[in-house]
Amino acid sequence: MTEPLLRHRKLLPCILLAALPLCAHADDAPLFIPQWLGAQYTFVDQNQSRVHSPYSSSLSLKADGSTARSHTFGAYFGIALPWHFQYYWDVEMFKGEGVSNATGIGGLTNGDIIRSGVASLGKRPYVARNYLRWILPLGDETAELERGQDQLPAHEAIKHIEVKIGFMAVNDDFDKNRYANSTRTQFMNWSLWNNTAWDFASDTRGYTDGIMIGWMMPGWALRYGIYRMPIEANGQALVKSLGVASGQQLELTLQPHPDGWALRFLGYYNKGSLGIYQQAIEIASLTGQTPDVHADDARGRHKFGFGINGELPVADNGDTGFFMRAGWNDGHTESFIFTEVDRLLSGGFQLSGAHWHRSDDRLGVGVAFDGLSRVHAQYLQMGGDGFLLGDGTLRYGPEQIAELYYNIAVIDHLTISPDLQFIRNPGYNRDRGPARFAGLRAHIQF
(Lines give C-alpha, C1' and ligand atoms only; values in the text may rest on other atoms or scores of the structure.)
Protein backbone atom coordinates (compact mmCIF):
# COMPACT_ATOMS: atom_id res chain seq x y z
CA MET A 1 0.00 0.00 0.00
CA THR A 2 2.98 2.33 0.47
CA GLU A 3 3.69 3.16 -3.15
CA PRO A 4 0.09 4.06 -4.14
CA LEU A 5 -0.16 6.31 -1.10
CA LEU A 6 3.01 8.08 -2.13
CA ARG A 7 1.81 8.50 -5.70
CA HIS A 8 -1.60 9.80 -4.66
CA ARG A 9 -0.75 11.87 -1.62
CA LYS A 10 -3.58 14.33 -2.35
CA LEU A 11 -6.07 11.55 -1.51
CA LEU A 12 -4.62 10.72 1.91
CA PRO A 13 -7.04 12.78 4.02
CA CYS A 14 -10.06 11.52 2.06
CA ILE A 15 -9.02 7.88 2.58
CA LEU A 16 -8.76 8.28 6.33
CA LEU A 17 -11.86 10.40 6.75
CA ALA A 18 -13.91 7.71 5.05
CA ALA A 19 -12.37 4.83 7.00
CA LEU A 20 -12.20 6.05 10.61
CA PRO A 21 -14.98 6.47 13.19
CA LEU A 22 -15.61 9.64 15.16
CA CYS A 23 -13.77 9.22 18.47
CA ALA A 24 -11.04 11.09 20.34
CA HIS A 25 -9.51 11.76 23.72
CA ALA A 26 -10.82 14.81 25.51
CA ASP A 27 -7.47 16.58 25.56
CA ASP A 28 -6.94 16.26 21.79
CA ALA A 29 -7.88 18.94 19.25
CA PRO A 30 -11.43 18.49 17.87
CA LEU A 31 -11.69 15.69 15.34
CA PHE A 32 -11.88 16.39 11.60
CA ILE A 33 -11.85 20.17 12.14
CA PRO A 34 -8.91 21.84 10.34
CA GLN A 35 -6.70 23.68 12.80
CA TRP A 36 -4.82 26.78 11.68
CA LEU A 37 -1.35 26.20 13.16
CA GLY A 38 0.45 29.33 12.00
CA ALA A 39 1.62 31.56 9.19
CA GLN A 40 4.86 33.34 8.36
CA TYR A 41 6.43 35.88 6.03
CA THR A 42 10.18 36.35 5.66
CA PHE A 43 11.94 39.08 3.67
CA VAL A 44 15.69 39.08 2.99
CA ASP A 45 17.62 41.92 1.36
CA GLN A 46 21.23 40.89 0.72
CA ASN A 47 24.18 42.59 -0.94
CA GLN A 48 27.30 40.82 -2.20
CA SER A 49 30.52 42.83 -2.49
CA ARG A 50 32.78 42.95 -5.54
CA VAL A 51 35.12 39.97 -5.68
CA HIS A 52 38.55 39.39 -7.21
CA SER A 53 37.79 37.44 -10.38
CA PRO A 54 40.60 36.73 -12.89
CA TYR A 55 38.26 34.35 -14.78
CA SER A 56 34.64 33.27 -14.46
CA SER A 57 31.70 31.38 -15.96
CA SER A 58 27.92 31.59 -15.72
CA LEU A 59 28.04 29.73 -12.37
CA SER A 60 30.62 32.02 -10.74
CA LEU A 61 29.91 34.70 -8.16
CA LYS A 62 29.38 37.95 -10.04
CA ALA A 63 32.64 39.89 -10.05
CA ASP A 64 30.95 43.30 -9.80
CA GLY A 65 28.79 42.31 -6.84
CA SER A 66 25.10 41.56 -6.62
CA THR A 67 22.01 42.68 -4.73
CA ALA A 68 18.93 40.46 -4.39
CA ARG A 69 15.73 40.25 -2.38
CA SER A 70 13.68 37.21 -1.49
CA HIS A 71 10.20 36.77 0.00
CA THR A 72 8.67 33.60 1.43
CA PHE A 73 5.09 33.17 2.58
CA GLY A 74 3.66 30.17 4.42
CA ALA A 75 0.40 29.00 6.01
CA TYR A 76 0.21 25.78 8.04
CA PHE A 77 -2.78 23.55 8.90
CA GLY A 78 -3.47 20.31 10.74
CA ILE A 79 -6.37 17.96 11.50
CA ALA A 80 -6.67 15.65 14.51
CA LEU A 81 -7.98 12.19 13.58
CA PRO A 82 -8.96 9.10 15.61
CA TRP A 83 -6.55 6.44 16.79
CA HIS A 84 -3.66 8.92 17.24
CA PHE A 85 -3.58 9.94 13.58
CA GLN A 86 -2.90 13.52 12.49
CA TYR A 87 -2.92 15.12 9.05
CA TYR A 88 -0.83 18.17 8.09
CA TRP A 89 -1.07 20.38 5.02
CA ASP A 90 1.16 23.41 4.35
CA VAL A 91 1.16 25.90 1.51
CA GLU A 92 4.02 28.29 0.67
CA MET A 93 5.02 30.81 -1.95
CA PHE A 94 8.44 32.21 -2.93
CA LYS A 95 9.31 35.39 -4.78
CA GLY A 96 12.69 36.92 -5.57
CA GLU A 97 16.15 35.38 -5.91
CA GLY A 98 19.54 35.00 -4.26
CA VAL A 99 22.66 37.03 -4.92
CA SER A 100 24.66 35.93 -8.00
CA ASN A 101 21.67 33.75 -9.00
CA ALA A 102 22.35 31.54 -5.95
CA THR A 103 25.41 29.93 -7.55
CA GLY A 104 29.18 30.10 -7.13
CA ILE A 105 29.39 28.92 -3.48
CA GLY A 106 28.96 25.63 -1.65
CA GLY A 107 27.72 27.38 1.50
CA LEU A 108 25.07 29.63 -0.06
CA THR A 109 24.26 32.76 1.91
CA ASN A 110 20.43 32.81 2.02
CA GLY A 111 18.81 29.62 3.25
CA ASP A 112 15.33 30.70 2.16
CA ILE A 113 16.19 30.49 -1.55
CA ILE A 114 16.05 26.68 -1.36
CA ARG A 115 12.31 27.24 -1.73
CA SER A 116 12.68 29.01 -5.09
CA GLY A 117 13.32 25.95 -7.21
CA VAL A 118 14.35 26.31 -10.85
CA ALA A 119 13.40 29.37 -12.86
CA SER A 120 10.67 27.56 -14.80
CA LEU A 121 8.63 26.71 -11.69
CA GLY A 122 7.07 30.15 -11.45
CA LYS A 123 6.20 32.13 -8.36
CA ARG A 124 2.75 30.80 -7.54
CA PRO A 125 1.69 29.17 -4.27
CA TYR A 126 2.60 25.48 -3.94
CA VAL A 127 1.96 22.65 -1.49
CA ALA A 128 5.00 22.29 0.76
CA ARG A 129 3.86 19.45 3.03
CA ASN A 130 0.99 16.99 2.78
CA TYR A 131 1.35 14.00 5.10
CA LEU A 132 -0.14 11.75 7.75
CA ARG A 133 1.41 11.28 11.18
CA TRP A 134 0.59 8.40 13.52
CA ILE A 135 1.64 7.86 17.14
CA LEU A 136 1.72 4.54 19.02
CA PRO A 137 2.01 5.31 22.77
CA LEU A 138 4.38 3.02 24.69
CA GLY A 139 3.62 4.36 28.16
CA ASP A 140 1.26 6.50 30.23
CA GLU A 141 3.60 9.47 30.89
CA THR A 142 2.79 12.41 28.61
CA ALA A 143 4.16 15.84 27.70
CA GLU A 144 2.10 18.83 26.64
CA LEU A 145 2.70 20.09 23.10
CA GLU A 146 1.85 23.66 22.16
CA ARG A 147 0.37 24.72 18.85
CA GLY A 148 3.03 25.29 16.17
CA GLN A 149 3.92 24.64 12.57
CA ASP A 150 3.11 20.97 11.86
CA GLN A 151 2.30 20.43 15.55
CA LEU A 152 -1.26 20.15 16.85
CA PRO A 153 -1.80 21.08 20.52
CA ALA A 154 -2.11 17.84 22.51
CA HIS A 155 -0.80 15.69 25.33
CA GLU A 156 1.54 13.15 23.74
CA ALA A 157 3.15 10.06 25.21
CA ILE A 158 6.84 10.57 25.96
CA LYS A 159 7.57 6.96 24.99
CA HIS A 160 6.13 6.30 21.55
CA ILE A 161 6.56 5.07 18.01
CA GLU A 162 6.01 7.74 15.34
CA VAL A 163 5.27 7.22 11.65
CA LYS A 164 4.98 9.85 8.93
CA ILE A 165 3.96 9.11 5.35
CA GLY A 166 3.41 11.56 2.51
CA PHE A 167 4.99 14.72 1.12
CA MET A 168 7.38 16.45 3.52
CA ALA A 169 10.86 17.88 4.10
CA VAL A 170 13.50 15.35 5.17
CA ASN A 171 15.28 17.88 7.39
CA ASP A 172 12.10 18.44 9.42
CA ASP A 173 13.04 15.24 11.27
CA PHE A 174 16.80 14.81 10.81
CA ASP A 175 19.85 16.96 11.66
CA LYS A 176 17.88 19.35 13.88
CA ASN A 177 19.73 21.72 16.21
CA ARG A 178 18.44 24.14 18.84
CA TYR A 179 20.90 26.92 17.93
CA ALA A 180 21.40 26.43 14.18
CA ASN A 181 18.24 25.11 12.56
CA SER A 182 16.09 27.95 11.19
CA THR A 183 17.24 30.15 8.34
CA ARG A 184 14.38 32.54 9.14
CA THR A 185 15.44 33.41 12.70
CA GLN A 186 18.98 32.04 13.13
CA PHE A 187 21.93 31.58 10.73
CA MET A 188 21.20 32.09 7.05
CA ASN A 189 24.27 30.37 5.55
CA TRP A 190 23.43 26.85 4.38
CA SER A 191 26.55 25.39 6.02
CA LEU A 192 25.47 26.72 9.43
CA TRP A 193 21.76 25.82 9.58
CA ASN A 194 22.20 22.38 7.98
CA ASN A 195 24.81 19.70 7.34
CA THR A 196 25.70 20.56 3.74
CA ALA A 197 27.66 17.31 3.25
CA TRP A 198 24.31 15.51 3.69
CA ASP A 199 22.81 15.32 0.18
CA PHE A 200 19.27 14.55 1.34
CA ALA A 201 16.52 13.55 -1.11
CA SER A 202 14.21 16.34 -2.27
CA ASP A 203 12.95 18.28 -5.24
CA THR A 204 14.50 21.69 -5.94
CA ARG A 205 12.27 23.33 -3.32
CA GLY A 206 13.36 20.92 -0.60
CA TYR A 207 10.39 18.49 -0.42
CA THR A 208 9.75 14.88 -1.36
CA ASP A 209 7.50 11.86 -0.77
CA GLY A 210 8.57 9.31 1.77
CA ILE A 211 8.16 7.47 5.05
CA MET A 212 9.75 8.27 8.41
CA ILE A 213 9.64 5.88 11.38
CA GLY A 214 10.84 7.02 14.81
CA TRP A 215 11.29 5.26 18.16
CA MET A 216 11.19 7.92 20.90
CA MET A 217 12.31 7.16 24.46
CA PRO A 218 13.48 9.28 27.44
CA GLY A 219 17.13 10.08 26.77
CA TRP A 220 17.34 8.84 23.20
CA ALA A 221 15.55 8.56 19.87
CA LEU A 222 16.13 6.53 16.72
CA ARG A 223 14.73 7.64 13.34
CA TYR A 224 14.79 6.03 9.91
CA GLY A 225 13.51 7.58 6.70
CA ILE A 226 13.28 6.55 3.04
CA TYR A 227 12.30 9.10 0.37
CA ARG A 228 11.97 9.52 -3.39
CA MET A 229 14.95 11.00 -5.24
CA PRO A 230 14.78 13.52 -8.11
CA ILE A 231 15.14 12.15 -11.62
CA GLU A 232 18.07 14.44 -12.40
CA ALA A 233 20.50 16.60 -10.43
CA ASN A 234 18.74 19.58 -8.83
CA GLY A 235 15.54 18.53 -10.59
CA GLN A 236 11.94 19.19 -9.58
CA ALA A 237 10.46 15.92 -10.89
CA LEU A 238 10.79 12.91 -8.56
CA VAL A 239 11.17 9.25 -9.52
CA LYS A 240 7.89 7.32 -9.54
CA SER A 241 9.01 4.49 -7.28
CA LEU A 242 11.32 3.98 -4.32
CA GLY A 243 12.55 0.90 -6.15
CA VAL A 244 13.99 3.09 -8.91
CA ALA A 245 15.88 5.50 -6.67
CA SER A 246 15.74 6.43 -3.00
CA GLY A 247 17.43 8.39 -0.26
CA GLN A 248 17.71 6.66 3.11
CA GLN A 249 18.89 8.03 6.44
CA LEU A 250 19.25 6.70 9.96
CA GLU A 251 19.84 8.98 12.95
CA LEU A 252 20.44 8.27 16.65
CA THR A 253 19.84 11.14 19.08
CA LEU A 254 21.25 11.06 22.61
CA GLN A 255 19.76 13.63 25.01
CA PRO A 256 19.67 12.47 28.66
CA HIS A 257 17.65 15.52 29.77
CA PRO A 258 15.03 17.29 27.60
CA ASP A 259 16.69 20.71 28.05
CA GLY A 260 20.28 19.45 28.24
CA TRP A 261 23.04 18.61 25.81
CA ALA A 262 22.28 16.55 22.71
CA LEU A 263 24.32 14.55 20.21
CA ARG A 264 22.95 13.25 16.91
CA PHE A 265 24.67 10.66 14.73
CA LEU A 266 23.46 10.54 11.11
CA GLY A 267 24.17 8.17 8.25
CA TYR A 268 22.68 8.32 4.75
CA TYR A 269 22.66 6.26 1.56
CA ASN A 270 21.36 7.53 -1.79
CA LYS A 271 20.68 5.35 -4.84
CA GLY A 272 19.87 6.88 -8.21
CA SER A 273 21.05 8.00 -11.64
CA LEU A 274 24.26 9.55 -10.36
CA GLY A 275 27.32 10.53 -12.38
CA ILE A 276 30.83 9.50 -11.31
CA TYR A 277 33.51 12.21 -11.33
CA GLN A 278 36.41 9.86 -12.16
CA GLN A 279 34.62 8.39 -15.18
CA ALA A 280 33.74 11.87 -16.45
CA ILE A 281 37.43 12.84 -16.11
CA GLU A 282 38.62 9.71 -17.96
CA ILE A 283 36.16 10.23 -20.82
CA ALA A 284 37.28 13.85 -21.14
CA SER A 285 40.95 12.81 -21.22
CA LEU A 286 40.26 10.36 -24.05
CA THR A 287 38.11 12.71 -26.12
CA GLY A 288 39.84 16.01 -25.40
CA GLN A 289 36.54 17.51 -24.26
CA THR A 290 35.46 19.17 -21.03
CA PRO A 291 34.35 16.61 -18.42
CA ASP A 292 30.59 16.37 -17.91
CA VAL A 293 29.46 14.34 -14.90
CA HIS A 294 25.79 14.89 -15.82
CA ALA A 295 26.23 12.84 -19.01
CA ASP A 296 27.47 9.83 -17.02
CA ASP A 297 24.31 9.01 -15.06
CA ALA A 298 23.64 5.27 -15.11
CA ARG A 299 20.91 3.98 -12.80
CA GLY A 300 21.65 2.14 -9.57
CA ARG A 301 24.69 4.11 -8.44
CA HIS A 302 25.04 5.18 -4.84
CA LYS A 303 26.35 7.91 -2.55
CA PHE A 304 26.77 7.65 1.20
CA GLY A 305 27.88 9.84 4.06
CA PHE A 306 27.88 10.53 7.78
CA GLY A 307 27.26 13.43 10.10
CA ILE A 308 27.44 14.40 13.76
CA ASN A 309 25.50 17.25 15.30
CA GLY A 310 25.77 18.60 18.84
CA GLU A 311 24.23 21.28 21.03
CA LEU A 312 25.25 22.41 24.52
CA PRO A 313 23.03 24.78 26.54
CA VAL A 314 25.06 26.73 29.10
CA ALA A 315 22.84 29.54 30.51
CA ASP A 316 19.58 31.52 30.34
CA ASN A 317 17.31 28.44 30.38
CA GLY A 318 19.04 27.18 27.28
CA ASP A 319 18.77 30.40 25.27
CA THR A 320 22.57 30.69 25.45
CA GLY A 321 24.58 27.76 24.15
CA PHE A 322 27.01 26.26 21.66
CA PHE A 323 26.54 24.07 18.57
CA MET A 324 28.67 22.07 16.15
CA ARG A 325 28.30 19.92 13.05
CA ALA A 326 30.66 17.71 11.08
CA GLY A 327 29.83 15.96 7.83
CA TRP A 328 31.49 13.71 5.26
CA ASN A 329 30.35 11.98 2.08
CA ASP A 330 32.23 9.68 -0.29
CA GLY A 331 32.67 12.46 -2.89
CA HIS A 332 32.93 9.99 -5.79
CA THR A 333 29.45 10.40 -7.24
CA GLU A 334 28.09 13.81 -8.15
CA SER A 335 26.54 16.23 -5.71
CA PHE A 336 22.93 15.67 -6.75
CA ILE A 337 20.41 17.57 -4.64
CA PHE A 338 21.22 19.99 -1.84
CA THR A 339 24.54 21.72 -2.57
CA GLU A 340 28.13 20.93 -3.56
CA VAL A 341 29.92 20.11 -0.30
CA ASP A 342 31.74 16.84 0.48
CA ARG A 343 33.31 17.77 3.83
CA LEU A 344 31.92 20.05 6.54
CA LEU A 345 33.03 21.31 9.94
CA SER A 346 30.96 24.08 11.54
CA GLY A 347 30.27 25.52 14.96
CA GLY A 348 29.41 28.60 16.96
CA PHE A 349 27.18 29.94 19.68
CA GLN A 350 23.95 31.76 20.42
CA LEU A 351 23.85 34.40 23.16
CA SER A 352 20.61 35.54 24.80
CA GLY A 353 19.89 39.26 24.91
CA ALA A 354 18.96 38.86 28.59
CA HIS A 355 22.53 40.00 29.37
CA TRP A 356 21.70 43.49 28.09
CA HIS A 357 18.04 43.50 29.20
CA ARG A 358 16.66 42.29 25.84
CA SER A 359 15.58 38.76 26.82
CA ASP A 360 13.87 38.01 23.47
CA ASP A 361 16.85 39.08 21.33
CA ARG A 362 19.52 36.65 20.12
CA LEU A 363 23.11 37.15 18.94
CA GLY A 364 24.66 34.39 16.84
CA VAL A 365 28.24 33.83 15.70
CA GLY A 366 29.22 30.85 13.55
CA VAL A 367 32.06 29.59 11.36
CA ALA A 368 32.11 26.80 8.78
CA PHE A 369 34.73 25.05 6.66
CA ASP A 370 33.50 23.37 3.47
CA GLY A 371 35.64 21.00 1.42
CA LEU A 372 35.56 18.80 -1.68
CA SER A 373 36.89 15.33 -2.36
CA ARG A 374 40.10 15.16 -4.40
CA VAL A 375 38.32 13.89 -7.53
CA HIS A 376 35.51 16.45 -7.24
CA ALA A 377 38.09 19.26 -7.07
CA GLN A 378 39.97 17.78 -10.06
CA TYR A 379 36.74 17.67 -12.07
CA LEU A 380 36.15 21.41 -11.46
CA GLN A 381 39.81 22.20 -12.17
CA MET A 382 39.43 20.59 -15.61
CA GLY A 383 36.50 22.91 -16.39
CA GLY A 384 33.59 20.68 -15.39
CA ASP A 385 30.38 22.16 -14.01
CA GLY A 386 28.16 21.04 -11.17
CA PHE A 387 24.69 22.48 -10.62
CA LEU A 388 26.07 25.30 -8.44
CA LEU A 389 29.80 25.44 -9.14
CA GLY A 390 32.04 25.94 -12.15
CA ASP A 391 34.53 28.79 -12.61
CA GLY A 392 36.08 27.27 -15.75
CA THR A 393 39.09 26.09 -13.76
CA LEU A 394 40.08 25.89 -10.10
CA ARG A 395 42.96 26.47 -7.70
CA TYR A 396 41.50 24.49 -4.84
CA GLY A 397 41.14 25.76 -1.30
CA PRO A 398 38.43 25.00 1.29
CA GLU A 399 35.62 27.51 1.67
CA GLN A 400 36.00 29.41 4.94
CA ILE A 401 32.76 30.98 6.14
CA ALA A 402 31.94 33.30 9.04
CA GLU A 403 28.51 34.69 9.91
CA LEU A 404 27.26 37.15 12.53
CA TYR A 405 23.59 37.97 13.06
CA TYR A 406 21.56 39.84 15.66
CA ASN A 407 17.89 38.88 15.88
CA ILE A 408 15.89 41.80 17.31
CA ALA A 409 12.43 41.17 18.78
CA VAL A 410 10.75 44.39 17.66
CA ILE A 411 7.19 43.63 18.77
CA ASP A 412 5.21 40.43 19.27
CA HIS A 413 5.49 38.21 16.17
CA LEU A 414 8.03 40.48 14.39
CA THR A 415 11.83 40.15 14.36
CA ILE A 416 14.44 42.01 12.32
CA SER A 417 17.96 40.66 11.86
CA PRO A 418 21.02 42.42 10.46
CA ASP A 419 23.36 39.75 9.07
CA LEU A 420 27.01 39.82 7.98
CA GLN A 421 28.88 37.01 6.22
CA PHE A 422 32.47 36.65 5.03
CA ILE A 423 33.63 33.87 2.70
CA ARG A 424 37.23 33.15 1.76
CA ASN A 425 37.82 30.95 -1.32
CA PRO A 426 34.20 31.09 -2.59
CA GLY A 427 33.49 28.06 -4.75
CA TYR A 428 36.67 26.47 -3.30
CA ASN A 429 38.75 28.70 -5.54
CA ARG A 430 41.81 30.46 -4.10
CA ASP A 431 41.87 32.65 -7.22
CA ARG A 432 38.52 34.20 -6.29
CA GLY A 433 37.28 36.45 -3.50
CA PRO A 434 37.13 36.97 -0.66
CA ALA A 435 33.42 37.83 -0.73
CA ARG A 436 31.44 39.85 1.79
CA PHE A 437 27.68 39.80 2.26
CA ALA A 438 25.54 42.26 4.17
CA GLY A 439 21.88 41.44 4.71
CA LEU A 440 18.75 42.49 6.50
CA ARG A 441 16.06 39.95 7.33
CA ALA A 442 12.50 40.62 8.57
CA HIS A 443 10.37 37.75 9.86
CA ILE A 444 6.70 37.79 10.87
CA GLN A 445 5.23 34.67 12.46
CA PHE A 446 1.81 33.96 14.01
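A few remarks follow.
- Qualifying residue in region 213-221 (condition: on the phi > 0 side of the Ramachandran plot, surrounded by fewer than 17 Cβ atoms within 10 Å (Cβ to Cβ) and either basic (Lys, Arg) or modelled with pLDDT of 95 or more (or both)): yes
- When THR393, THR415 are checked against the criterion of being surrounded by fewer than 17 Cβ atoms within 10 Å (Cβ to Cβ) and of a type in the set (Val, Ile, Thr), a single residue qualifies: THR393.
- Filter result for ASP112 (touching a Lys or Arg at 6+ places or on another chain (Cβ under 9 Å), among the acidic types (Asp, Glu) and modelled with pLDDT under 95): yes
- Just one of the listed residues (ASP297, ASP292) is open to solvent by 10 Å² or more (accessible area, probe 1.4 Å), of a type outside the set (Phe, Trp, Tyr), under 30 Å from SER56 (Cα atoms) and out of contact with any helix residue (DSSP H, G or I) (no Cβ under 9 Å at 6 or more places or on another chain), namely ASP297.
- Among (1) within 24 Å of SER58 (Cβ to Cβ); (2) surrounded by 22 or more Cβ atoms within 10 Å (Cβ to Cβ), the one test that THR204 misses: (2)
- Odd one out for ALA233, checked against (1) on the phi > 0 side of the Ramachandran plot; (2) touching a His at 6+ places or on another chain (Cβ under 9 Å): (1)
- Members of region 144-153 that are under 27 Å from TRP193 (Cβ atoms) and free of Cβ contacts under 8 Å to residues at least 60 places away in the same chain: LEU145, GLU146
- Residue list for region 222-248, filter: buried (at least 16 other Cβ atoms within 10 Å of the Cβ) and within 16 Å of GLY307 (Cβ to Cβ): ARG223, GLY225, GLY247, GLN248
- Flag if ARG133 is modelled with pLDDT of 95 or more, under 19 Å from PRO258 (Cβ atoms) and open to solvent by 20 Å² or more (accessible area, probe 1.4 Å): no
- Scan of region 399-412 for residues that are touching a Phe, Trp or Tyr at 6+ places or on another chain (Cβ under 8 Å) and either hydrophobic (A, V, I, L, M, F, W, C) or surrounded by 18 or more Cβ atoms within 10 Å (Cβ to Cβ) (or both), ordered by number: GLU399, ILE401, ALA402, GLU403, TYR405
- Selection within region 249-272 - out of contact with any Leu (no Cβ under 6 Å at 6 or more places or on another chain) and either open to solvent by 20 Å² or more (accessible area, probe 1.4 Å) or not in a strand (DSSP E or B) (or both): LEU250, GLN255, PRO256, HIS257, PRO258, ASP259, GLY260, ARG264, TYR269, LYS271
- Residue in region 192-205 that is in contact (Cβ under 8 Å) with a residue 24 or more places away in the chain, under 24 Å from VAL341 (Cα atoms) and outside any loop (DSSP other than H, G, I, E, B) present: yes
- Those residues of region 338-363 which are under 22 Å from the mean Cα position of the chain (by Cα) and acidic (Asp, Glu), in sequence order: GLU340, ASP342
- Total residues in region 36-58, condition among the hydrophobic types (A, V, I, L, M, F, W, C) and under 20 Å from the mean Cα position of the chain (by Cα): 3
- Taken residue by residue, region 241-248 has at least one member that is under 26 Å from PHE369 (Cβ atoms) and outside any helix (DSSP H, G or I).
- Cβ-Cβ under 6 Å pairs, at least 6 apart or on other chains, region 154-176 side under 14 Å from TRP198 (Cα atoms), far side at pLDDT 95 or above and among the basic types (Lys, Arg): ASP173/ARG223
- Considered as a group, the residues in region 183-200 that are polar (S, T, N, Q) and open to solvent by 10 Å² or more (accessible area, probe 1.4 Å) include one that is nearest to ALA102 (Cα to Cα), and that residue is THR183.
- The set of residues from region 364-388 being among the aromatic types (Phe, Trp, Tyr), open to solvent by less than 60 Å² (accessible area, probe 1.4 Å) and at pLDDT 95 or above comprises just one member, TYR379.
- Residue list for region 144-191, restricted to those being part of a strand (DSSP E or B) and of a type in the set (Phe, Trp, Tyr): PHE167
- Inside region 300-323, residues that are touching a residue at least 24 places away in the same chain (Cβ under 8 Å) and open to solvent by 40 Å² or more (accessible area, probe 1.4 Å) make up a count of 11.
- Scanning region 138-155 for residues that are open to solvent by less than 50 Å² (accessible area, probe 1.4 Å) and touching an Asp or Glu at 6+ places or on another chain (Cβ under 9 Å) yields a count of 6.
The values are calculated or read from the model by the stated rules, or taken from the named source; none is laboratory data. Model, not experiment: these values are computed from the prediction. Ideal geometry is used to build each Cβ from the backbone, glycine not excepted, and the neighbour counts take in all protein chains shown. Just the protein is used for accessible areas: all its heavy atoms, side chains included, with ligands, DNA and RNA removed. Shrake-Rupley method; radii C 1.70, N 1.55, O 1.52, S 1.80 Å.
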